[in-house]
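Below is one structure, written out as structure tokens, with a few remarks after it.
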Amino acid sequence: MDITLLEPFMTGSHAAWAREYAAYSRHEVEILGLEGKYWKWRMHGGAVSLAREFLAGGSCPDLLLATDMLDLTTFLALTREVTAGVPVALYMHENQLSYPWSPDDSDPGLQRDAHYCFINYAAALAADTVLFNSAYHRHDFFAELPVFLQSFPDYNETASIERIATKSRTLPLGLDLRKFDHHRPEIGAERAPLILWNHRWEYDKNPEEFFRALFVLQEQGVEFELAVLGESYRKQPPVFAEARERLNGQIIHWGYAESFSEYATWLWRADILPVTSIHDFFGISVVEAIYCNCFPLLPKRLAYPEHITSEYRERCFYTDFADLVTQLVRACLNVKSLREEKLQTMVDHYDWGKMAAIYDDLLDEIQ
């Protein structure tokens, strides 16, 4: 089968997902993508640019696989001479109905943020199949959609929600996890517990609570080291500057890993991953750390329960900030036993070696 994959925001996890599926699939997958920047303009104008490229290429695929960043209705309208009979799958990496807005973004206050949500809604209506990267994401979308539609003055079209729901299903992300195996270092047993941050340096990852927990550990005299990875931006939460100063004696790495080899090595070296995020539709960085045998301490919400098997659920989840600190102290004091855990089997089913065939079979069924 010939598939055209449409991604207006080719960067980060979006780009990795597209390229890796194309590499592992038994189908022929052609990617049409745009540079991953100016996300609002990509959601508005990306469909026009991709439609032009699609028509210029002269192909007529058996399936279109679009992502949530595409204004699918505009793309289909502009390419209807070719795509009128082509089935369409829409893959939801995220959705704008429940994605938390940055406190620095002026659009919500100016009441001009609704159209990005509408693009997601209309795309889901137009697609033949809607695929969510986690069960949590799927549930969250359908919880928010009635609220969104009822915010309009009339013709709310709430009956359309059921139409979308009946053609929706969960299809977890495929990840190239096996590549981490090639970067596992030899690590000495006698060393301080290494706590890891491997997320974006942004508000939705809740760095304030993460570092506040470490400040408590420091005040209690608990021995630990800290590696802070993840992509940072020109504007970042002020707590990062505060933490770099206050935790200077514990920090052994600070900043973005410039190569995958460096990133993977730090994940294998790390022992404990406290996660405080207020938003995560899937949690790639969490799954990667677990695969590298880094013990997670997670809030029992978002997509995280989907990654943890029953035997670990009582040990990996915390209930509130006080419980996080208690479990973090316990983990540091018992780090030798944590290092003996075999966590990889919880998440290795997300590897493309297993997921590619699941994707291929599912997409084969779409008519």
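Nothing in this text is a laboratory measurement; each read-out follows from the coordinates by a stated rule. Values in this document were obtained by computation on a predicted structure and should not be read as measured data. Counting neighbours? That spans all protein chains shown, and the Cβs are built from the backbone with ideal geometry, glycine included.
Using the Cα centre of the chain as origin and beta-carbon charges of +1 (Lys, Arg) and -1 (Asp, Glu), tell me which of Phe75, Phe211, Tyr136 is placed farthest towards the positive end of the dipole.
Phe211
Mean separation of Cα pairs under 8 Å and 6+ residues apart, divided by the residue count of region 109-185: what relative contact order is that in percent? Numbers along the way, then the final one.
Working: 45 pairs, mean separation 30.2, N = 77.
Relative contact order comes out at 39 percent.
So how do Asp154, Asp62 line up by other beta-carbon neighbours within 10 Å, fewest first? All intermediate terms of the calculation are to be shown ahead of the outcome.
Values: Asp154 5, Asp62 15.
The most exposed by this proxy come first: Asp154, Asp62.
Volume per residue, Å³, of the convex hull around the alpha-carbon atoms of region 278-367? Working shown, then result.
Details: hull volume 9.9 nm³, N = 90.
Considering the Cα atoms of region 278-367, their hull volume per residue is 110 Å³.
Going by a ≥ b ≥ c, the root eigenvalues of the Cα gyration tensor, does region 178-350 fall in the rounded group (a/c under 1.5), the prolate group (a/b larger than b/c) or the oblate group? Could the numbers behind the result be given before it?
Numbers: a/c = 1.17, a/b = 1.14, b/c = 1.03.
Rounded.
List the pairs from Lys235/Lys342; Lys179/Lys336; Lys167/Lys342; Lys40/Lys342; Lys300/Lys336; Lys40/Lys167 whose alpha-carbon separation is above 31 Å, in the order I gave them. Intermediate results must be reported in sequence, preceding the final value.
Working: Lys235/Lys342 38 Å; Lys179/Lys336 26 Å; Lys167/Lys342 37 Å; Lys40/Lys342 42 Å; Lys300/Lys336 25 Å; Lys40/Lys167 27 Å.
Result: Lys235/Lys342; Lys167/Lys342; Lys40/Lys342 exceed 31 Å.
Enumerate the calculated ³J(HN,Hα) couplings along region 41-50 in order (Karplus 6.51 cos²θ - 1.76 cosθ + 1.60, θ = phi - 60°), each rounded to whole Hz, writing x wherever the residue is Gly or Pro.
So the Karplus estimates, Gly and Pro as x, are 5, 4, 5, 7, x, x, 5, 5, 5, 5 Hz.
Taking the Cα centre of region 178-350 as origin, sum charge times position over the Cβ atoms of Lys and Arg (+1) and Asp and Glu (-1), and report the length of that vector in debye to the nearest 20. Kindly include the intermediate steps, with their values, before the conclusion.
Numbers: 20 positive and 26 negative charges, 21 e Å.
With only Lys, Arg, Asp and Glu charged at Cβ, the dipole is about 100 debye.
Which listed residue (Pro153, His93, Gly33) has the Cα farthest towards the positive end of the charge dipole for the chain, taking +1 on Lys and Arg C-beta and -1 on Asp and Glu C-beta about the Cα centre?
Looking along the dipole axis, the top candidate is His93.
Give, as a single signed number, the net charge of other residues whose beta carbon lies under 11 Å from the beta carbon of Gln367, with Lys and Arg counted +1 and Asp and Glu -1.
Details: positive: none; negative: Asp62, Asp128, Asp364, Glu365.
Counting the neighbours of Gln367, the net charge comes to -4.
Placing +1 at every Lys and Arg Cβ and -1 at every Asp and Glu Cβ, with all other atoms neutral, what dipole size does the chain have around its Cα centre, in debye to the nearest 20? Kindly include the intermediate steps, with their values, before the conclusion.
Numbers: 33 positive and 54 negative charges, 89 e Å.
Dipole about the Cα centre, nearest 20: 420 debye.
If you average the sequence gap of Cα pairs under 8 Å that are 6 or more apart and divide by the length of region 215-367, what percent do you get for the contact order? Walk me through the numbers before you get to the answer.
Working: 152 pairs, mean separation 32.7, N = 153.
Over region 215-367, the number comes to 21 percent.
Work out from phi, with θ = phi - 60° and the Karplus expression 6.51 cos²θ - 1.76 cosθ + 1.60, the ³J(HN,Hα) of each residue of region 170-175, listed in order in whole Hz, and give x for Gly and Pro.
My calculation for region 170-175 gives 8, 9, x, 4, x, 9 Hz in order.
Averaging over every viewing direction, what projected area does the convex hull of the Cα atoms of the chain cover, in nm²?
19.2 nm²
If we sort 303-311, 66-74 on the protection proxy, mean other Cβ atoms within 10 Å, highest first, what's the order? The partial results should precede the final answer.
Details: 303-311: 16.0, 66-74: 24.4.
Ranking the peptides 303-311, 66-74 by packing returns 66-74, 303-311.
To the nearest 20 debye, what charge dipole does region 157-246 have about its Cα centre, counting +1 at the Cβ of each Lys and Arg and -1 at the Cβ of each Asp and Glu? Mind dumping the intermediate values first?
On the way: 14 positive and 16 negative charges, 95 e Å.
Result for region 157-246 is approximately 460 debye, rounded to the nearest 20.
Between region 1-50 and region 242-279, what is the C-alpha centre distance in whole Å?
29 Å
Please enumerate, by chain and number, the aspartates and glutamates with C-alpha under 14 Å from the C-alpha of Lys37, excluding those fewer than 8 residues away in the same chain.
Straight-line reach from Lys37, under 14 Å: Glu7.
Please list, ordered by chain and number, the residues whose modelled amide H lies under 5 Å from the amide H of Ser168; skip anything fewer than 5 residues away on the same chain.
The list, which skips near neighbours in sequence, is Val130.
Tell me the relative contact order for the chain as a rounded percent, counting alpha carbon contacts under 8 Å between residues six or more apart.
Values: 597 pairs, mean separation 59.0, N = 367.
Normalised by residue count, the contact order of the chain is 16 percent.
For Pro146, what is the net charge nearby, where nearby means another residue's Cβ is under 13 Å from its Cβ and Lys, Arg count +1, Asp, Glu -1?
On the way: positive: none; negative: Asp140, Glu144, Glu157, Glu162.
Overall, the nearby charge balance is -4.
Residues with amide H under 5 Å of Leu194's amide H, sequence separation 5 or more or different chain, H placed in the peptide plane at 1.01 Å from N; which?
Residues meeting the amide H criterion: Glu225, Asp271, Ile272.
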